[in-house]
Amino acid sequence: MSIPLLIGSCEPFSGKSAVVLGLGRQLARQGVPLAFGKPLATCMDDPLDAFPDAAPENPLLDPDVRFIGATLGLEPEQLIPSLHVLEPATARARLLAGDLDPGEGLTLLQRRIHDDAERLVLLEGAGSLSEGQLYGLGLVQLAQALQAPVLLVHPWSDSRSVESLLEARHQLGDLLAGVVLNAVVPEVVPEVREAVLPALERLGIPVLGVMPRSPLLRSVTVEELARRLAATVLCCRDGLDLLVETLSIGAMNVNSAMEFFRRRRNMAVVTGADRTDIQLAALEASTQCLILTGAGEPLPQLISRAEELEVPVLKVDHDTLTTVEVIDAAIGHVRLHEAVKATYAIRLVEENCHFERLFRRLRLAVHA
């Protein structure tokens, strides 16, 4: 098992971590020992945050690696520190120096993979085919350096989505081991499986799974929204772990708002601080948090009702448009760091992906 497996994507937030969790859980159940890492850290909480048993050079461990490791029950020695951190200051220094060499870290990674023959090493690539090239750690560069097969996770909206996969096949060649199509609109999943999948196979793109779009996996916690908005939490701090799946704007009359709110679920509702009628209507619907914009403070009865229903109320200094833009940018573009989402992701992969060909490619004597 000295052949590593790279899990990559053509664009960010495609669902790599979800597939790593699902694939890792299947392998662990079959008794396959694992190691996991991200050669290029992309979401460090703190650039100085170090691996607990770090060597003097203080290698870094991406929070994604910690979360996935904890979810899969991996020990610290099974988690592989990152070689570099993708962040502006480092990128600028490397650009000005013309430095595209990954450094001795890649050699050490190659040596670890070779020496760690008892474990299958899973490596999560950067966000796209191009990301990481400045560090010498782009997906194609890593695959070629490690001679590692690549499993791509790719969102599928319509037939135009194939363009990125064709480019990936061109760059990876025989190292492309398979593709998981993700975030497919549930209503078109049967058509994708029956018509699109065979067409992709004829183009030399092996499809190992078709996963439906999941509002839960695209959701964001109220706490994350509060952080991004620099919001003041007016009540119900215990509800900051609630998950927001959709965004609604309370700018209409109350009757229209109530009808609209009834059709939505797990909402963040953005409305003016002076619109008590809309605020109370939102609290009676499937609202995970109420976000108030503009001047003024909410009435005490609004806060009292929110506390009864355990719905957090946030107050922001931004105008409504800016607030909406921040929330819209967060939904579907956050890390998979919640246990409930991880559990769901594992089940989604188990029900919709078939890795038999991948296991044969990796010479694993397991049953998918």
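The values are calculated or read from the model by the stated rules, or taken from the named source; none is laboratory data. Note that this is a predicted model, so its numbers are computed, not measured. Positions of Cβ are generated from backbone atoms using ideal geometry, with glycine treated the same way; all protein chains shown enter the neighbour counts. These area figures cover heavy atoms from the full protein model, side chains too; ligands, DNA and RNA do not enter into them. Shrake-Rupley method; radii C 1.70, N 1.55, O 1.52, S 1.80 Å.
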Item to check | Ranked by how many other beta carbons lie within 10 Å on average, peptides 147-153, 282-288, 318-324, 15-21 from highest | outcome: 15-21, 147-153, 282-288, 318-324
Checklist entry - Among 212, 266, 123, whose Cα sits farthest toward the positive end of the charge dipole of the chain (+1 at Cβ of Lys/Arg, -1 at Cβ of Asp/Glu, about the Cα centre)? => result 212
Item to check | Cross-link reach list, lysines versus residue 341, counting only Cα pairs under 18 Å and skipping chain neighbours closer than eight places | outcome: 16
Checklist outcome for this item: Here the relative contact order (percent) of region 70-213, from C-alpha pairs under 8 Å and at least 6 apart, is 17
Checklist entry - How large is the helix-only mean residue ellipticity at 222 nm for the chain, computed as the sum of -39500 (n - 2.57) over DSSP H runs with n ≥ 4, divided by its residue count, in deg cm²/dmol to the nearest 500? => result -11000 deg cm²/dmol
Next on the checklist: Given region 84-127, report the % of alpha carbon pairs whose separation exceeds 15 Å.
Outcome noted: 58
Item to check | Sulfur and carbon atoms: percent of accessible area, the chain [1.4 Å] | outcome: 51
Checklist outcome for this item: The answer for the chain, accessible area per residue at 1.4 Å probe in Å², is 46
Item to check | Peptide ranges 119-126, 304-311 listed from the most packed, as the mean C-beta count within 10 angstrom indicates | outcome: 119-126, 304-311
Next on the checklist: Along the charge dipole of region 263-368, pointing to its positive end and built from +1/-1 on Cβ of Lys, Arg, Asp and Glu, which listed residue (318, 345, 303) has its Cα farthest out?
Outcome noted: 345
Item to check | Top of 134, 96, 108 by mean-square fluctuation, Gaussian network on the chain, Cα under 10 Å | outcome: 96
Checklist entry - Mind checking the dipole of the chain: about its Cα centre, +1 per Lys or Arg Cβ, -1 per Asp or Glu Cβ, Debye to the nearest 20? => result 980
Item to check | Relative contact order, percent, the chain [alpha-carbon distance under 8 Å, six or more residues apart] | outcome: 19
Checklist entry - Residues with amide H under 5 Å of residue 244's amide H, sequence separation 5 or more or different chain, H placed in the peptide plane at 1.01 Å from N; which? => result 220, 221, 222
Next on the checklist: I need the peptides 267-273, 348-354 ranked by packing, meaning the mean over residues of other C-beta atoms within 10 angstrom, with the highest value on top.
Outcome noted: 267-273, 348-354
Next on the checklist: Which of 206, 198, 12 ends up with the largest GNM mean-square fluctuation for the chain, with Cα atoms connected below 10 Å?
Outcome noted: 198
